[in-house]
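Here the structure comes first, spelled out in structure tokens, and everything after it is commentary.
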Amino acid sequence: MYSLFSEDGVRRTTIHSLSSELLLDIFDWTRLLYLLQWRAQWKWLTITGVCSRWRQVMLASPRRLHLVLPCKDGSPVAEMLSMWPSLSLSVEYGPGYSMLPPCEDPNNVPPAFQHREKIQTLTICTFYSSSRNTIMAIDGQYPSLEALEITCIGGSSLELPSTLVAPKLRSLRLRHVTLPIDSPLLAATCLQNLQLFGLSPSSTPSFTPNNLAAQLSKMYRLHKLSMGFFRSPLELYRSQKEIQGASVTRFTLPLLRHFHFTGPVTYLEDLVDLLHSDHLEAFSSNLFDQPTFAFPNLLRFLTESTSFEPPEVVELRHNEVSLLSLGYSGPSAAFPETTRSSMIIGLSRHFHEIISAAQICSELTPLFSATVELVLPASERDMEWLQASLRDWHVFLQFLPSIKIVRMSDAVAEGMARALQSSPDDFSTGPFRGLREIFLLTEGTTPTLDEFLISCREKGRTILLHRRGDTPPFIPPPPSGLGETPDP
């Protein structure tokens, strides 16, 4: 160790004098900076080649620095393990990664699977036509596996055997893959991330809300839960209620922060009736086979979370994926000061949008006590919003009594102004009585809106209009004889 002094007398310390702890922090920061290349391109290998001390520091903390040996097609697995015996394997397997041809020889097991005890992460992409051979290749026990991702392309869902075991599994992501409800993979108590997409009630009849809840009740470390069903007739989901499910009492997932669901509202209602989360930060759903807009159990699930904050912003969107989508985002634990809570409502064009939005808001009224901002769809195709009558606006906004800011397209703003012109006094006493600012999300002329805002100013009411790209906002001119200072 030695120090240098510059000409101005400032002490300079060389990197060789840094402690191992500081070096480890620097290496970890470098890992985050080059996150994508760290594993795939062996970025960490460059650092180990600088000097023997750096190499020792890195190899002493392989878990913190996520040091793994990436294995793809042609990787010399045995040679890599002989050079780095303390490190684990990260395997990408299947035709999607050019490691396994679609019609592979079932007796030809890739070299990486001869070292199952060393595999830490396993990513599989397979075609349904070759899924049988894929299952034969990957089946077995993985004592060190922490992350498993399987995607099946084409055909029906791939079914995993109950003999696939990974007791230390922390992340399980399946797409178009089914597994028994009593699978050992779902019994891993270390699970923090569970994502099941492409489930089908016909191929997974045992995945009733009660049976799934019974498994979830053991996952006390779960942070993220995502699940999605195929679009199927509602009768299939109703038939699940006839299956004898497990008897489950309401339970708490203490660490659950993110919950996503795609499927029928009846299944979601039955599932969240059994769940409680103290730290929920985000919820999203795509609901189809929608018989009703009533979801009392979902409302209770959201509001009973101790971290729940009523949404300050409500945004309406078009939804092309399902009939209805709901999303809630609360303050993040990482950035609680900078995140505003918000609610997103997505509606399919099968509905009369403004009336359907009113029905949804009526069911979720307790959520909107603190809502001050409304965002409306900004599209030229939003004809229903353009043609909404004053009565439609009344019905919709009565459930959002504290709105002060509205963001919308110039066309929707013109339609709203035309509706309000029929009863100008209603603007001061009706659902728009608290409105203070209008933000236009598109560029266009709004003569009707401008005229209406001027008439409101003449009645002693000032509303700021923010056009896209304008600074400062447009303030309607005061009537003759009044000062230029805006009314408070």
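The values are calculated or read from the model by the stated rules, or taken from the named source; none is laboratory data. From a predicted model like this one, the values you see are computed outputs, not experimental measurements. Heads up, the Cβs are rebuilt from the backbone with ideal geometry, glycines too, and the neighbour counts pull from every protein chain shown. Side chains included, ligands, DNA and RNA excluded: accessible areas come from the protein's heavy atoms. Shrake-Rupley method; radii C 1.70, N 1.55, O 1.52, S 1.80 Å.
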Residues located in the range 58-94, provided they are of a type in the set (S, T, Y) and touching a strand residue (DSSP E or B) at 6+ places or on another chain (Cβ under 7 Å): S88, S90, Y93
Residue in the range 394-427 that is surrounded by the fewest Cβ atoms within 10 Å (Cβ to Cβ), counting only those that are among the aromatic types (F, W, Y) and modelled with pLDDT of 75 or more: F399
Residue by residue through the range 141-161, note down the ones that are open to solvent by 50 Å² or more (accessible area, probe 1.4 Å) and either out of contact with any helix residue (DSSP H, G or I) (no Cβ under 7 Å at 6 or more places or on another chain) or not small (G, A, S) (or both). Q141, P143, I153, E159
If we ask which residues in the range 191-216 are at pLDDT 90 or above and in a loop (DSSP other than H, G, I, E, B), their number turns out to be 2
Selected residue (criterion: farthest from Y34 (Cα to Cα)) from residues of the range 63-73 that are open to solvent by 70 Å² or more (accessible area, probe 1.4 Å) and of a type outside the set (K, R): D73
Quick check: anything in the range 354-361 on the phi > 0 side of the Ramachandran plot and either modelled with pLDDT of 90 or more or open to solvent by 30 Å² or more (accessible area, probe 1.4 Å) (or both)? no
Can you name the condition, by its number, that Y220 falls short on among (1) among the hydroxyl-bearing types (S, T, Y); (2) at pLDDT 90 or above; (3) open to solvent by less than 50 Å² (accessible area, probe 1.4 Å)? (3)
Within the range 1-34, the residues that are at pLDDT below 75 and not hydrophobic (A, V, I, L, M, F, W, C) are Y2, S3, S6, E7, D8, G9, R11, R12, T13, T14, H16, Y34
The listed residue being under 16 Å from the mean Cα position of the chain (by Cα), open to solvent by less than 50 Å² (accessible area, probe 1.4 Å) and modelled with pLDDT of 70 or more, out of S307, S341: S341
Going by what's in this entry, would T462 be described as at pLDDT 80 or above and within 19 Å of P377 (Cβ to Cβ)? no
